[in-house]
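Remarks on the structure that follows.
The values are calculated or read from the model by the stated rules, or taken from the named source; none is laboratory data. This structure is a prediction, so every number in the text was calculated from the model and none was measured. Cβ sites come from the backbone with ideal geometry, for glycine too, and all protein chains shown count toward neighbours.
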Ligand code: AMP
Ligand code: ZN
């Protein structure tokens, strides 16, 4: 069943979100994914356990979100009972990524994916990112965007599953993670670093083949 979460009334602004991203009058921006979960028009896939949608502000050519149908706020709420669900979400994410890449005739880095979670998510509904490794997108604008997908701020879904299996909970070092968002801009494919996002984005084109 889809989430029945009520929109939160908190005014907190997540670390990666833009104040203007959710202009819907229906609910506060932080409930955007709950709304999307229930919106059949944006759905790529749904089964008994999870739903896949396209990220509304994609940071790469293919950027999808896999969400559980049951309301789980974030990784802090996850326990041993959720292991089958997280494994299922990863399996589904891989399948839908491959299908989407094939449909879009994606090659090279457009067809290479990472699957994972932001250590400190902006939106209050557990979601696993499925993101192609080209990072070609007009929505990829800031250093925080870049570092959230290319440093260890991005928690690989398989590591999260291993961590949960070993420790029965997911613990995040919030201070260390926040610092990662301010790292210098380093290419994810080579050692080059860049003073600005436009320069980094120009360089990314050299890795497209
Ligand atoms: P995060 O919470 O940092 O893991 O990321 C939240 C993701 O949700 C970002 O990649 C946003 O671009 C994306 N997003 C924000 N609002 C929506 C929406 N209404 N539908 C789909 N994706 C969204
Ligand atoms: Zn490079």
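Tally up the residues in the range 85-109 that are within 16 Å of ligand 2 (Cβ to nearest atom) and crowded, with 19+ Cβ neighbours inside 10 Å, please.
Qualifying residue count for the region: 1.
So is residue 162 surrounded by fewer than 17 Cβ atoms within 10 Å (Cβ to Cβ) and in contact with a strand residue (DSSP E or B) (Cβ under 6 Å, 6 or more places away or on another chain) or not?
no
Hey, residue 139 hits all of (1) surrounded by 16 or more Cβ atoms within 10 Å (Cβ to Cβ); (2) within 20 Å of residue 57 (Cβ to Cβ); (3) more than 16 Å from ligand 2 (Cβ to nearest atom) but one; which does it fall short on?
Answer for residue 139: the failing condition is (1).
Please tell me if residue 59 is in contact with a helix residue (DSSP H, G or I) (Cβ under 9 Å, 6 or more places away or on another chain), at pLDDT 95 or above and assigned to a loop (DSSP other than H, G, I, E, B).
yes
Pick from the range 160-209 the residues that are under 21 Å from residue 112 (Cα atoms) and without any contact (Cβ under 8 Å) to a residue 12 or more places away in the chain: which of them is nearest to ligand 2 (Cβ to nearest atom)?
Looking at residues that are under 21 Å from residue 112 (Cα atoms) and without any contact (Cβ under 8 Å) to a residue 12 or more places away in the chain, I get 192.
So residue 189 passes all but one of these: (1) within 21 Å of residue 78 (Cβ to Cβ); (2) surrounded by fewer than 16 Cβ atoms within 10 Å (Cβ to Cβ); (3) within 20 Å of the chain's Cα centre (by Cα). Which condition number does it fail?
Unmet for residue 189, out of (1) within 21 Å of residue 78 (Cβ to Cβ); (2) surrounded by fewer than 16 Cβ atoms within 10 Å (Cβ to Cβ); (3) within 20 Å of the chain's Cα centre (by Cα): (1).
Does any residue of the range 164-182 turn out to be at pLDDT 95 or above and more than 30 Å from residue 79 (Cβ to Cβ)?
Looking for residues that are at pLDDT 95 or above and more than 30 Å from residue 79 (Cβ to Cβ), one finds at least one in the range 164-182, hence yes.
Being without any contact (Cβ under 8 Å) to a residue 24 or more places away in the chain, more than 13 Å from ligand 1 (Cβ to nearest atom) and under 17 Å from residue 55 (Cα atoms): is that true of residue 111 here?
Answer is yes for this residue.
Being within 11 Å of ligand 1 (Cβ to nearest atom) and buried (at least 20 other Cβ atoms within 10 Å of the Cβ) is the filter here, so list the residues in the range 59-84 that pass it.
59, 60, 63, 64, 65, 67, 75
Go through the range 112-132 residue by residue and tally those that are surrounded by fewer than 20 Cβ atoms within 10 Å (Cβ to Cβ) and touching a strand residue (DSSP E or B) at 6+ places or on another chain (Cβ under 7 Å).
Final tally of qualifying residues: 2.
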